[in-house]
Number of protein chains: 2
Amino acid sequence: MCKIAAKYATNTTKALDLGCATGRASFELAKTFDKVEGIDFSVRFIQVGSKLQEAGYVAFTCKEEGELSINKKVTLQDLGYEQLAEKVSFWQGDACNLKPDFTAYDLIMATNLIDRLYNPRLFLDTVDQRLNADGILMLTSPYTWQESSTKKEFWLGGYKDENGNAVRTIERLKDILHDKFELLHVEDLEFVIKETTRKYQHTVSQVSVWKKR
Amino acid sequence: MCKIAAKYATNTTKALDLGCATGRASFELAKTFDKVEGIDFSVRFIQVGSKLQEAGYVAFTCKEEGELSINKKVTLQDLGYEQLAEKVSFWQGDACNLKPDFTAYDLIMATNLIDRLYNPRLFLDTVDQRLNADGILMLTSPYTWQESSTKKEFWLGGYKDENGNAVRTIERLKDILHDKFELLHVEDLEFVIKETTRKYQHTVSQVSVWKKR
């Protein structure tokens with residue numbers, strides 16, 4: 001994912017990792033970008049990235065079977081991030097209502113984010129204002145729209161229109177972003193979340209790469 | 001999984017697929033066994049296998065994105081099961097309290113079952129009575145014990161004992177089955193459940209193969 005971002009970025013001064021979760025991708029982006037800001041709605045998530053950056057390590061547990069778990073620890077050194085830590089910072093924020101100082105990015109990467117926003121259209125209609133000239137917007141999502149995250153009237157796809165035709169998210173993204181962005185690239189990318197030592201969630205997200213006009 | 005069963009089975013007259021769900025493995029076992037009985041606690045599940053067997057097809061939908069889904073249909077012919085259907089039968093039943101006529105099996109295969117039983121010990125203590133001489137018991141499970149399925153006092157592993165030592169399921173299985181069974185083989189096997197066109201659950205179950213003494 002970060003390799004795709006690096007491939008399409010025109011300039012590499014500052015990147016935003018929006019919906020950064022525990023921040024692994026923010027560090028990876030720092031291999032390419034001089035400065036990376038990671039933002040997530042969840043304070044609990046960004047505390048993990050911050051801890052790794054500031055203390056140089058994070059300790060966590062991995063579920064084994066039943067209530068048994070294995071204690072694990074990972075350091076900046078293990079990950080090869082020692083030289084990158086000072087380039088990265090983590091912030092709590094709402095993608096639909098970001099503070100004005102989060103701006104002037106060469107890349108905004110929103111990973112598995114848009115189908116969890118309460119108003120994804122609001123995000124897409126204003127995101128160009130935070131990008132520099134030739135800035136890149138990279139969206140990654142499996143388009144699993146759900147009412148618990150997004151009221152149905154705000155879904156960008158995954159429903160039938162009044163004529164009974166299927167509305168797919170990628171087509172709506174093209175309509176919404178067309179005036180302000182050029183679509184450079186689309187591909188499927190697999191993500192794996194380890195739930196226990198024996199259970200894994202595999203998600204095939206669609207990546208779309210857009211360049212600000 | 002059914003290939004492992006076929007490899008270790010001494011006799012191939014009758015097999016039981018316990019926790020058969022929608023019955024795919026029951027048909028696969030019928031490639032090796034003259035007669036296969038599939039049993040599941042869920043009537044809704046066994047209706048799928050029964051429908052395929054009796055009507056020769058099942059229709060179902062696959063979630064795409066949001067509320068969109070794709071209609072699909074599969075036939076006995078598609079699956080190469082035309083000659084096997086008459087060997088298979090499906091029944092509703094409780095693995096911890098099976099009716100007496102479910103007996104005289106050369107193989108009992110319990111796939112992803114033991115960590116969902118309300119009393120797995122009761123099942124293991126009596127299962128040998130339903131096997132023929134030289135009969136094979138094949139257990140497959142990721143050992144994801146959970147209180148919603150099994151009260152904690154009935155877990156066969158996944159907890160710490162009074163001395164703080166981890167109790168792992170495979171070790172308890174060896175203790176419980178040792179008198180009546182010889183352990184022939186253990187291996188890890190990956191199962192994939194497709195949740196939507198873009199989401200998959202991968203589970204690495206442990207398979208253990210036991211021969212009745």
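The values are calculated or read from the model by the stated rules, or taken from the named source; none is laboratory data. A quick note: this is a predicted structure, and the numbers were derived from the prediction, not measured. Every residue, glycine as well, gets a Cβ built from its backbone with ideal geometry; the counts of neighbours run over all protein chains shown. Just the protein is used for accessible areas: all its heavy atoms, side chains included, with ligands, DNA and RNA removed. Shrake-Rupley method; radii C 1.70, N 1.55, O 1.52, S 1.80 Å.
B:Ala55 fulfils the conditions (1) touching a residue at least 24 places away in the same chain (Cβ under 8 Å); (2) more than 30 Å from A:Thr169 (Cα to Cα); (3) not charged (D, E, K, R) except for a single criterion, (1).
Conditions (1) in a loop (DSSP other than H, G, I, E, B); (2) touching a Phe, Trp or Tyr at 6+ places or on another chain (Cβ under 9 Å); (3) within 14 Å of chain A (Cβ to nearest Cβ), marked per residue:
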| site | (1), (2), (3) |
| --- | --- |
| B:Glu54 | no, no, no |
| B:Thr61 | no, no, yes |
| B:Gly66 | yes, yes, yes |
| B:Gln83 | yes, no, no |
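Checking each residue in region B:145-185 for being assigned to a loop (DSSP other than H, G, I, E, B), touching a strand residue (DSSP E or B) at 6+ places or on another chain (Cβ under 9 Å) and more than 14 Å from chain A (Cβ to nearest Cβ) picks out only B:Lys180.
Total residues in region B:120-144 satisfying the condition of being within 14 Å of chain A (Cβ to nearest Cβ) and either more than 16 Å from the chain's Cα centre (by Cα) or in a helix (DSSP H, G or I) (or both): the figure is 1. Just so you know, in region A:118-159 the residues that are β-branched (Val, Ile, Thr) and farther than 19 Å from A:Val36 by Cβ include one that is least open to solvent (accessible area, probe 1.4 Å), and it is A:Thr150.
Assess whether A:Glu28 counts as being out of contact with any strand residue (DSSP E or B) (no Cβ under 7 Å at 6 or more places or on another chain) and modelled with pLDDT under 95. Judged against the criteria, A:Glu28 is not a match. I'd like to know if region B:109-117 contains one or more residues that are touching a residue at least 60 places away in the same chain (Cβ under 8 Å), touching a strand residue (DSSP E or B) at 6+ places or on another chain (Cβ under 6 Å), open to solvent by less than 10 Å² (accessible area, probe 1.4 Å) and more than 14 Å from chain A (Cβ to nearest Cβ). Yes, the conditions are met somewhere in region B:109-117.
Entry remark, region B:80-94: residues being open to solvent by less than 90 Å² (accessible area, probe 1.4 Å) and more than 20 Å from the chain's Cα centre (by Cα) number 1 in total. Within the bounds of region B:186-203, is there any residue that is open to solvent by 30 Å² or more (accessible area, probe 1.4 Å), within 14 Å of chain A (Cβ to nearest Cβ), modelled with pLDDT of 95 or more and not in a strand (DSSP E or B)? No - not one qualifying residue is present in region B:186-203.
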